[in-house]
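Before any comments, here is the structure.
The values are calculated or read from the model by the stated rules, or taken from the named source; none is laboratory data. Everything numeric in this text was worked out from a predicted model, so none of it was measured. A quick note on method: Cβ atoms are made from the backbone with ideal geometry, for glycine too, and the neighbour counts reach across all protein chains shown. When the accessible area is computed, the model is the full protein with side chains, heavy atoms only, and any ligands, DNA or RNA have been set aside. Shrake-Rupley method; radii C 1.70, N 1.55, O 1.52, S 1.80 Å.
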Amino acid sequence: MVFVTWEVPAILEGTAVMKKLINAAEDVVTEALQGIEAAHPDLRVDLVNKIVYRGDLPRSGKVGVISGGGSGHEPMHGGFVGLGMLDAACAGEVFTSPVPDQMLAATKLVDGGAGVLHVVKNYTGDVMNFEMGAELAAAETGARVVAVVTDDDVAVQDSTWTAGRRGVGVTVLLEKIAGAAAEQGRSLDEVADVARTVNANGRSMGLALTSCTVPAVGHPTFDLGEDEMELGVGIHGEPGRERIPLAPARDIAALLLEPILADLPFRAGDDVLCFVNGLGGTPLLELYIMFNEVSKILSGHGVRIARSLVGNYITSLDMAGTSVTLLRMDDDLLSLWDAPVKTPALRWGI
Amino acid sequence: MTNGATVEDLREWVRAFARRIESNKDLLTELDAAIGDADHGANMHRGLTAVVAALGDPGLDTPAAVVKKVGMTLVSTVGGASGPLYGTFFLRMGGALGDAQPVPPETLAAALRAGLDGVVARGKAEAGDKTMYDALAPALDALDEALAAGEPWPAAVRAAAAAAEAGRDATTPMTARKGRASYLGERSVGHQDPGAASTALLIASAVDALGADRERSTTTAGAAGDDSAP
């Protein structure tokens, strides 16, 4: 592996070169998949269809759970393949939806006769490509597919005037919880119900301190001043609600939590899973500072943190920043969250 | 093609579309950079390159087979939202072409409309959402009107191309309500929709391939190989 540097146009002063641990921009997805295969002997990789899948498939009678999306959000989704979570994940090009052939191939790989759940983030391309993949699978094998679409980003106004809210942090929690339900032997309809419950009870919002740099593009997706941050940013560098001056972590926590709490709304006495996520370029030290601030605000609202997750799980390449997701829990969701999981990125109870 | 579209006419339409996409690749990407994710030109170019290669596959000897192959190839290679939308357009169109060779103009117009219906079913777009629909729907309306008025096919296709371009230009002042551009809301105003722009190229390519006022052999299928040059 070598450091590769590129010249950047003069208009992007201050970002002298793109510095990434890659060989060639066009090979990043394939070579990362090869790395996953080399690192995790439990997993298999189909390099032609760009699918990461469990080595013990299909399992008769178990509902298959697959997801997928553009690359650049690692460990989502390939890092969530394994016992108790996803059966397969389809990797698209960086920030580009995978194509229906991939979802067709993955659906066939994981279908043990009990049907397949597709976990889809609400982006126009992802929704349509998964829909076509499901249609092809139904036509080809008669596979029964149910898709659940995540749309938890409160930064986007949900209305008929937009493509709807984006699927962000809740996707990670949903994949863990629905995966556990499938592992328990629940039916496709039951697994889909659990997945819908997670999406309906979860809300997220993100904040960027820097842009990200797509390898094939070579320069930052957007310009953000040294003293600015983008509130409500999406995971592909989409614009947020507003650009505001840099602020201390306690203020950022409040800026993110207030819209989240008001939207569901979360109420005093609620038990939540509190997920403080890094967008790829922010150290864990800072994420724990964020978690501390978030926990103080939740305590002030009487919202109890029943479970927590802190780390880089749904990222935006090298973007510095964070997102906060709250998921209102009930006993079923708590026991599914606690159930054993063995994937590259989440692992407990094994 | 007053007597209808042969297999070779349809191949030439697709090849003409591929050429127009290639020469407008950077423009499409530039339009997409303003309100989307800056990959429409690259994605369409990748897809149409694969389509042109796939046109050489064996067994593509009917209009329906050619057009369905185009759809499947676009679905598999374009990605994003454009892959399913353009792919569905050609798949549905192929399904409505029937068995007659050459394809009569009325059948071709109806098949194009079946493609539009597929785009609507897939993308849920309506008039004024600032999408490819805003170029495609007026084009097919103009085509139907011209044919109903007894215009010859070449004039009808040219009317469709003019309507597609007008529809494309009309997207500029619209506020996007579908796709990634919709996150921008009011900030999408003032930018031409890249999907409408590539759709105008698709209809213009039909003029290149199908709309010329020229003498043609009247012909059974496969005998019309005289117009494959650019």
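Each peptide among A:339-347, A:29-37, A:193-201 gets the average number of other Cβ atoms lying within 10 Å of its residues, and from highest to lowest they stand as A:193-201, A:339-347, A:29-37. Percent antiparallel among DSSP beta bridges with both residues in the protein assembly as shown, to the nearest 5? Antiparallel: roughly 60 percent of the beta bridges in the protein assembly as shown. Taken one residue at a time, the phi angles of segment B:161-176 give Karplus couplings (6.51, -1.76, 1.60, θ = phi - 60°) of 5, 5, 5, 5, 5, 5, x, 4, 5, 6, 6, 4, x, 6, 9, 5 Hz. Gly and Pro are set to x. Amide H to amide H distances under 5 Å link A:ARG166 with A:ASP153, A:VAL156, where only residues 5 or more positions off or on other chains count and H is placed in the peptide plane.
Averaged over residues, the count of other Cβ atoms within 10 Å places the peptides A:331-337, B:129-135, A:20-26 in the sequence B:129-135, A:331-337, A:20-26, highest first.
Legend: mean number of C-beta atoms from other chains within 10 angstrom of residue C-beta atoms, peptide A:289-301, equals 0. Gyration tensor over the Cα atoms of segment A:228-300: the corresponding equivalent ellipsoid has semi-axes (square roots of 5 times the eigenvalues, largest first) of 21, 15, 12 Å. Taking other residues whose beta carbon is less than 12 angstrom from the beta carbon of B:ARG46, and scoring Lys, Arg as +1 and Asp, Glu as -1, yields -3. Residue by residue, segment B:124-133 carries 3J(HN,Hα) couplings of 6, 7, 10, 4, x, 7, 6, 9, 4, 4 Hz when phi is fed to the Karplus relation 6.51 cos²θ - 1.76 cosθ + 1.60 (θ = phi - 60°); x denotes Gly or Pro.
Segment B:73-137 and segment A:208-280 have Cα centres separated by 38 Å. Taking a ≥ b ≥ c as the square roots of the Cα gyration tensor eigenvalues, with a/c under 1.5 meaning rounded and otherwise prolate when a/b beats b/c, else oblate, which class fits chain B? The shape class here is prolate. Charge tally around B:LEU147: other residues with Cβ under 12 Å, Lys/Arg +1 each, Asp/Glu -1 each, net -4.
Averaging Cα coordinates gives a centre for segment A:296-335 and one for segment A:61-102; these two points are 22 Å apart. Relative contact order, whole percent, for chain A stands at 17, derived from Cα pairs under 8 Å and 6 or more residues apart.
Ordering A:174-184, B:95-105 by mean Cβ neighbour count within 10 Å, with the highest value first, yields A:174-184, B:95-105. Rounded, prolate or oblate for segment A:25-201? Axes are the square roots of the Cα gyration tensor eigenvalues, ordered a ≥ b ≥ c, and the cut-off for rounded is a/c under 1.5. Rounded shape, in that the Cα axes give a/c under 1.5. Phi angles across segment A:41-56 convert, under the Karplus curve 6.51 cos²θ - 1.76 cosθ + 1.60 with θ = phi - 60°, into 3J(HN,Hα) values of x, 5, 9, 10, 10, 9, 6, 5, 8, 6, 10, 9, 9, 5, x, 10 Hz, Gly and Pro given as x.
What does the extension gain come out to for A:ALA24 and A:LEU47, with contour length at 0.36 nm per residue minus their alpha carbon separation?
6.6 nm
Shape summary of segment A:173-235, radius of gyration then Dmax from alpha carbon positions: 18.3, 51 Å. Residues whose amide H lies under 5 Å from that of A:LEU309, counting only those 5 or more places away or on a different chain, are A:CYS274, A:PHE275, A:VAL276; hydrogens are built 1.01 Å from N in the peptide plane. Mean partner shielding of peptide B:71-79, defined as the number of other chain Cβ atoms within 10 Å of each residue Cβ, is 4. Taking amide H positions as modeled 1.01 Å from N, with prolines and chain starts lacking one, the residues under 5 Å from A:THR150 and 5 or more places away or on another chain are A:VAL120, A:LYS121, A:ASN122.
Take the Cα of A:GLU190, go 7 Å toward its beta carbon, and the backbone nitrogen atoms of segment A:74-102 under 18 Å from that spot belong to A:84-85. Roughly how many whole Å is it from the C-alpha centroid of segment B:3-23 to that of segment A:127-202? About 39 Å separates the Cα centre of segment B:3-23 from the one of segment A:127-202.
Between chain A and chain B, roughly 1900 Å² of accessible surface gets buried, counting both sides and using a 1.4 Å probe. Ligands, DNA and RNA left out, the accessible area of segment A:235-350 computed with a 1.4 Å probe is 52% carbon and sulfur. Applying 1/(1 + (r/R0)^6) with R0 = 51 Å to the Cβ-Cβ distance of A:LEU285 and B:ASP57 gives a FRET efficiency near 0.35. Taking a ≥ b ≥ c as the square roots of the eigenvalues of the Cα gyration tensor of chain A, is the shape rounded (a/c under 1.5), prolate (a/b larger than b/c) or oblate? Here chain A falls in the oblate category. Looking at segment A:202-339, the DSSP beta bridges with both ends there are about 70 percent antiparallel. Peptide B:42-48 is shielded by partner chain Cβ atoms: per residue, an average of 1 of them sit within 10 Å of its Cβ.
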